[in-house]
Amino acid sequence: MKKSNLGLSPGDAEAVVKEAQQLLARQLDSSARRRFLRQGLTLGGVVMLTGCDLRETPDVDSVLNSFSRFNDRVQGWLFNPASLSPEYSADRIAKSFPFNAFYGEEDIPQVNGEQWRLEIAGLVSDKRSWSLPQLYNMQQVDQITRHICVEGWSAIGRWGGVRFADFLKLIGADTTAKYVSFKCADDYYTSIDMASALHPQTIMALSWDGRILPPEYGYPMKIRIPTKLGYKNPKHIQVIEVTNRYTGGYWEDEGYNWFGGS
């Protein structure tokens, strides 16, 4: 059985990570812990603290996934629902806003807006489906915010639509639930925490730069969350579910961080 640099057996690796987490929680007061976490409590940091090379263990995936979930909880703890992402003037809007998806532009779904219905599921009192005209008739808000992609690029765009918190209130969503999940016409799926869903800048985007949302940006509707990375902004949404069941996400199930935001 191969051992780590400190003589730990592979089965001890995950226990070391958990012990390091518990030690930090016990030894640091609230303000010190917050400073430490803001500076970056990462898997690499725990490896430095413990001397354990987790790459040498056969169960590295389970350890990494465990630590990723821990990071999700930390990000949720640090998230401030009252903190707003920067908004910009119209002259900062990208002249050519990039297309980005897990497929090429030739595979963008062509959704029939007249037939499209937004399905509602889960912990809500009103599960009636919604048409595009119904959403267009709701009060609209507008924002010019920066989209940040995990691949390293960013671009500023103008998004308009319905404040998601208003919509959740209208359908009688249980706002004490843990998650809101989304299923999309392009087979994408993801989920977010309720605090992010209720953030005042989270919108059901129906327009881009003053015109109906183009297919490449998510027609007929996408969720725009400027406090989160791009992969947490699902496009071509078909189903919204309010739930206490963790449903993961397309990229999150491949190892991406679930919280994915500030």
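Take the residues of the stretch 168-185 that are basic (Lys, Arg) and under 18 Å from the mean Cα position of the chain (by Cα): which is farthest from Ile237 (Cα to Cα)? Once the filter is applied, the top-ranked residue is Lys178.
In the condition set (1) polar (S, T, N, Q); (2) more than 25 Å from Asn244 (Cα to Cα); (3) in contact with a Leu (Cβ under 8 Å, 6 or more places away or on another chain), Ser129 is compliant with all but (2). Taking (1) at pLDDT below 95; (2) in contact with a helix residue (DSSP H, G or I) (Cβ under 9 Å, 6 or more places away or on another chain); (3) within 21 Å of Ala205 (Cβ to Cβ) in turn, Arg158 satisfies each apart from (1).
Taking the stated definitions as given, is Gly157 over 23 Å from Asp193 (Cα atoms) and either among the aliphatic types (A, V, I, L, M) or not in a loop (DSSP other than H, G, I, E, B) (or both)?
yes
Those residues that are among the β-branched types (Val, Ile, Thr), over 15 Å from Glu119 (Cα atoms) and in a strand (DSSP E or B), I need them from the stretch 170-194; list them, please.
Thr190, Ile192
The residue that is farthest from Trp116 (Cα to Cα), among those in the stretch 209-238 that are in contact with a strand residue (DSSP E or B) (Cβ under 6 Å, 6 or more places away or on another chain) and of a type in the set (A, V, I, L, M, F, W, C), is Leu229. Test Phe102 against the criterion of being under 29 Å from Tyr246 (Cβ atoms), under 23 Å from the mean Cα position of the chain (by Cα) and without any contact (Cβ under 8 Å) to a residue 60 or more places away in the chain, and give yes or no. Considered against the rule, which asks whether it is under 29 Å from Tyr246 (Cβ atoms), under 23 Å from the mean Cα position of the chain (by Cα) and without any contact (Cβ under 8 Å) to a residue 60 or more places away in the chain, Phe102 comes out as no. Within the option set Tyr231, Tyr219, being aromatic (Phe, Trp, Tyr) and in contact with a helix residue (DSSP H, G or I) (Cβ under 9 Å, 6 or more places away or on another chain) holds for one residue only, Tyr231.
Of all residues in the stretch 87-118, those satisfying the criterion of being in a helix (DSSP H, G or I), under 21 Å from Val141 (Cβ atoms) and not hydrophobic (A, V, I, L, M, F, W, C) are Asp91, Arg92. So, of the residues in the stretch 215-262 that are farther than 16 Å from Met194 by Cα and free of Cβ contacts under 8 Å to residues at least 60 places away in the same chain, which turns out to be surrounded by the most Cβ atoms within 10 Å (Cβ to Cβ)? My answer is Gly218.
Across the stretch 176-214, what is the total count of residues that are surrounded by fewer than 20 Cβ atoms within 10 Å (Cβ to Cβ) and among the β-branched types (Val, Ile, Thr)? Qualifying residue count for the region: 2. Restricting the stretch 216-262 to residues that are assigned to a strand (DSSP E or B) and among the charged types (D, E, K, R) leaves a set whose member that is modelled with the lowest pLDDT is Lys228. One residue stands out among those in the stretch 129-150 that are within 15 Å of Thr227 (Cβ to Cβ) and not hydrophobic (A, V, I, L, M, F, W, C): the one that is surrounded by the fewest Cβ atoms within 10 Å (Cβ to Cβ), which is Arg146. Please determine whether any residue of the stretch 139-147 is outside any strand (DSSP E or B), modelled with pLDDT of 95 or more and of a type outside the set (A, V, I, L, M, F, W, C). Yes, there is a match, as at least one residue in the stretch 139-147 is outside any strand (DSSP E or B), modelled with pLDDT of 95 or more and of a type outside the set (A, V, I, L, M, F, W, C).
The values are calculated or read from the model by the stated rules, or taken from the named source; none is laboratory data. Remember, predicted model here, so these are calculated numbers, not experimental data. Note that each Cβ is placed from the backbone with ideal geometry, even for glycine, and that neighbours are counted across all protein chains shown.
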